[in-house]
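Q: Have a look at this one.
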Amino acid sequence: MNTYKAPVRDMSFALFDVIQAEALYAKLGIEAAQRDVMDAALEEAAKFNENVLAPLNGIGDREGCTFDKATGAVKTPTGFKEAYAQFVEGGWAGITARAELGGMDLPESFGVVMKEMIDAANLSWGNYPLLSHGATEALKHHGEPWQQEVFLKAIVEGRWTGTMCLTEPHCGSDLGLLKTRAEPIADGKYAITGTKIFITGGEHDFTDNIVHLVLARLPDAPAGTKGISLFIVPKMKVARDGTVGERNAARCGSIEHKMGIHGSVTCVMNFDGAEGYLIGQPNKGLAAMFTMMNTARLAVGIQGLGLIDRAFQNALRYSRDRLQMRALSGAKEPSKPADPIIVHADIRRMLLTSKALAEGGRLLSYHAATLVDVMERTSDEAERKQADDLLSFLTPIVKACLTEWSVECTYNSLQCFGGHGYVAEWGMEQLARDARITTIYEGTTQIQALDLLGRKVMQQQGVGLKQFLGMIQQFCEQNIGNAAVAEFIGPLATLAKEYADTTMAVGRKAAGNPEEIGAASVDYLFYSGYVALAYWWAKSVAVAEAGDYPADFKTAKRETARFYFQRLLPRTRLHKAGIEAGPASLLALDAALFDS
Ligand SMILES: Cc1cc2nc3c(=O)[nH]c(=O)nc-3n(C[C@H](O)[C@H](O)[C@H](O)COP(=O)(O)OP(=O)(O)OC[C@H]3O[C@@H](n4cnc5c(N)ncnc54)[C@H](O)[C@@H]3O)c2cc1C
């Protein structure tokens, strides 16, 4: 049986003990965010995710979504619509939205914890609120007051959902190529014409209306990314006073049949002169869309985290039960016909890899989410800028590393089941298939890597990286002489220096040859991710050892940290070699000779 139990204790440990979010929330004046209240809310959230969403995960995979060609309607899998109604009823749709909009005003970082549970319980279902959350971010930051009153409120209350319509058949990673047009019509409205593909939640049966946020070009727009504007295009026409009118010319033309996330509908959307409103400034749509994309990128990183944890939980349970062969050092459970497979070293390697990447990744991503809280709530401009710099640096690492690790860990967890993982019955192959999309949408791993090294590190003179290295240095200095973490401090300090030197070296080479960036970027991204987790693992052990926790908890943290430092952190050697190898061997072979 593939089930999910929310790791509430580790979530609370990460957010409140290691990251110390309660003090941050108090400083930011978020009154509702006291730890006891939040811990209780986590328990409530766990019940919803374990009992309502998790049991629908397999159903969603088997049934998928269905499209009625005649009406253009989409039916989501059995139970999805009812679960959404329960989600809205429980107030979860607006959990992080401000009270004046009908939300609960809880911190974004708390919303991220809830999101990890949703993604672990049912990734496909979670995509519907994920896109709505992205739309609320764009409307919150760029919408006019009436647009917020009409559209934002409806999404926060869960009455309507949101989408992000960027991709077109010829235009994926390179948004500068997009062709969808927007012509001004009467009353400050625009007629939107074009085809968008791969639109998550473009049509469904959860709500009566859907708010599409669509990138399109105005008639006189400059070419490329400088000529893109953002529009609100509702499924049902909506007047400025909120009155809902007739059906808009924004229709789903078909839905995709996919490798995974079958319960999450992926639509071709046809806009045939559909009525819409400009949001933000003309030709500044990409900047507005980036507001959505940054939170959406963090959110997709959290999808990776949820998948790692769910697959790990199931593989762990199975490995304790499944009896095959004896431990090499002699029988561990002689009364049984064979030992449980968890005695075998390589099963342990796979399980510990997932445990280390999930618990370390939890800290990495929750910490990034607290920076969103600082950015949104602080009144100190310098503090806001600092949080922005660090968050910009961390976002591609969270998105790409956690999702790539989810592919590795769901495959490893499937492997723990042997042939039983490959067949559908145990649900492990679903997790492996579902994980695969997370490295592709919201900017592929390659695009995240270029963003990290090209933009966040090189173009911005490494402001975020310097802050991050400063955090590591401060931690190492504070823990000189702390026997609990002595074994980790030396390697961590050495690595931080190597990280800075490696960055400088690639920067020098890139000044003479821009291809250096593309050639180094994915290795640089993984290298960054492994260094980041080394910091969080060392810090976890320091906090656990100093605190009043059960002995088992302390032991598990220490031994997992050891595993991480000895068996996963050395992957930085390989990635450093890749960074240093440069572009020559990648670019030498003429494209025409690849099949020679
Ligand atoms: C299930 C699903 C749901 C989606 N949901 C949405 C949605 O809701 N809204 C939306 O707008 N879009 C959505 N997408 C689209 C998704 O974001 C794109 O598929 C993604 O951005 C990649 O674009 P592409 O598929 O056109 O690939 P391309 O951009 O054609 O890329 C092809 C390959 O080339 C690589 N590549 C491209 N440029 C470079 C470079 N400079 N250096 C190195 N490698 C490079 C890419 O990494 C990739 O491996 C969804 C896609 C899927 C499959």
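Q: Might you let me know whether region 11-19 holds any residue that is part of a helix (DSSP H, G or I), open to solvent by 60 Å² or more (accessible area, probe 1.4 Å) and within 26 Å of Tyr84 (Cα to Cα)?
A: No, because not a single residue in region 11-19 is part of a helix (DSSP H, G or I), open to solvent by 60 Å² or more (accessible area, probe 1.4 Å) and within 26 Å of Tyr84 (Cα to Cα).
Q: Here's something else I'd like to know. Filter region 159-170 for residues that are closer than 14 Å to Val268 by Cβ, in a strand (DSSP E or B) and of a type outside the set (Ser, Thr, Tyr) and give the result.
A: Cys165, Glu168
Q: Now a separate question. Do we have Gly134 as within 18 Å of Glu82 (Cα to Cα), within 16 Å of the ligand (Cβ to nearest atom) and open to solvent by less than 10 Å² (accessible area, probe 1.4 Å) here?
A: Criteria not met by Gly134.
Q: Hey, could you check region 181-206 for residues that are under 25 Å from Ile437 (Cα atoms) and either of a type in the set (Ser, Thr, Tyr) or not in a strand (DSSP E or B) (or both) and say which is farthest from the ligand (Cβ to nearest atom)?
A: Asp205
Q: It is to be established whether one or more residues within region 173-186 are out of contact with any Lys or Arg (no Cβ under 7 Å at 6 or more places or on another chain), closer than 30 Å to Asp309 by Cα and in contact (Cβ under 8 Å) with a residue 24 or more places away in the chain.
A: yes
Q: If I ask for residues that are surrounded by fewer than 22 Cβ atoms within 10 Å (Cβ to Cβ) and within 9 Å of the ligand (Cβ to nearest atom), which ones from region 438-456 would you list?
A: The answer is Ile440, Tyr441, Thr444, Thr445, Gln446, Ile447, Leu450.
Q: Next question, about the same structure. Being over 27 Å from Glu477 (Cα atoms), surrounded by fewer than 21 Cβ atoms within 10 Å (Cβ to Cβ) and not hydrophobic (A, V, I, L, M, F, W, C) is the filter; apply it to region 496-543 and report the residue that is farthest from the ligand (Cβ to nearest atom).
A: Looking at residues that are over 27 Å from Glu477 (Cα atoms), surrounded by fewer than 21 Cβ atoms within 10 Å (Cβ to Cβ) and not hydrophobic (A, V, I, L, M, F, W, C), I get Arg508.
Q: Tell me which of these Gly273 doesn't satisfy, since it passes every other one: (1) under 19 Å from Leu123 (Cα atoms); (2) modelled with pLDDT of 95 or more; (3) not aliphatic (A, V, I, L, M).
A: Exception for Gly273: condition (1).
Q: Looking at Gln467, is it more than 19 Å from Gly304 (Cβ to Cβ), more than 10 Å from the ligand (Cβ to nearest atom) and part of a helix (DSSP H, G or I)?
A: Spelling it out, Gln467 is indeed more than 19 Å from Gly304 (Cβ to Cβ), more than 10 Å from the ligand (Cβ to nearest atom) and part of a helix (DSSP H, G or I).
Q: Given the conditions (1) farther than 30 Å from Leu307 by Cα; (2) assigned to a loop (DSSP other than H, G, I, E, B); (3) not hydrophobic (A, V, I, L, M, F, W, C), which single one is not true for Glu442?
A: Unmet condition: (1).
Q: Follow-up. Do we have any residue at all in region 314-325 that's open to solvent by less than 10 Å² (accessible area, probe 1.4 Å) and in contact with a His (Cβ under 9 Å, 6 or more places away or on another chain)?
A: Yes, there is a match, as at least one residue in region 314-325 is open to solvent by less than 10 Å² (accessible area, probe 1.4 Å) and in contact with a His (Cβ under 9 Å, 6 or more places away or on another chain).
Q: Quick test for you: out of Glu408, Glu429, pick the one residue that is more than 9 Å from the ligand (Cβ to nearest atom), open to solvent by 10 Å² or more (accessible area, probe 1.4 Å), in a helix (DSSP H, G or I) and closer than 14 Å to Phe526 by Cα.
A: Glu408
Q: Kindly indicate the residue of region 157-169 that is away from the ligand (no atom under 15 Å from the Cβ) and open to solvent by 10 Å² or more (accessible area, probe 1.4 Å) and also farthest from Ile199 (Cα to Cα) among those meeting that condition.
A: Glu157
Q: Cβ-Cβ below 6 Å, separation at least six or inter-chain, first residue in region 432-451 and more than 16 Å from Phe526 (Cα to Cα), second more than 10 Å from the ligand (Cβ to nearest atom) and open to solvent by 50 Å² or more (accessible area, probe 1.4 Å): which pairs?
A: So the pair list comes out as Ala432/Tyr411.
Q: Hey, another quick one. Just wondering, is there one or more residues in region 281-298 that are part of a loop (DSSP other than H, G, I, E, B), among the hydrophobic types (A, V, I, L, M, F, W, C) and open to solvent by 50 Å² or more (accessible area, probe 1.4 Å)?
A: Scanning region 281-298, I find no residue that is part of a loop (DSSP other than H, G, I, E, B), among the hydrophobic types (A, V, I, L, M, F, W, C) and open to solvent by 50 Å² or more (accessible area, probe 1.4 Å), so the answer is no.
The values are calculated or read from the model by the stated rules, or taken from the named source; none is laboratory data. Remember, predicted model here, so these are calculated numbers, not experimental data. When we count neighbours, we look across all protein chains shown, and the Cβ atoms used for this are built from the backbone with ideal geometry, even at glycine. Keep in mind that these areas ignore ligands, DNA and RNA; they rest on the heavy atoms of the full protein, side chains included. Shrake-Rupley method; radii C 1.70, N 1.55, O 1.52, S 1.80 Å.
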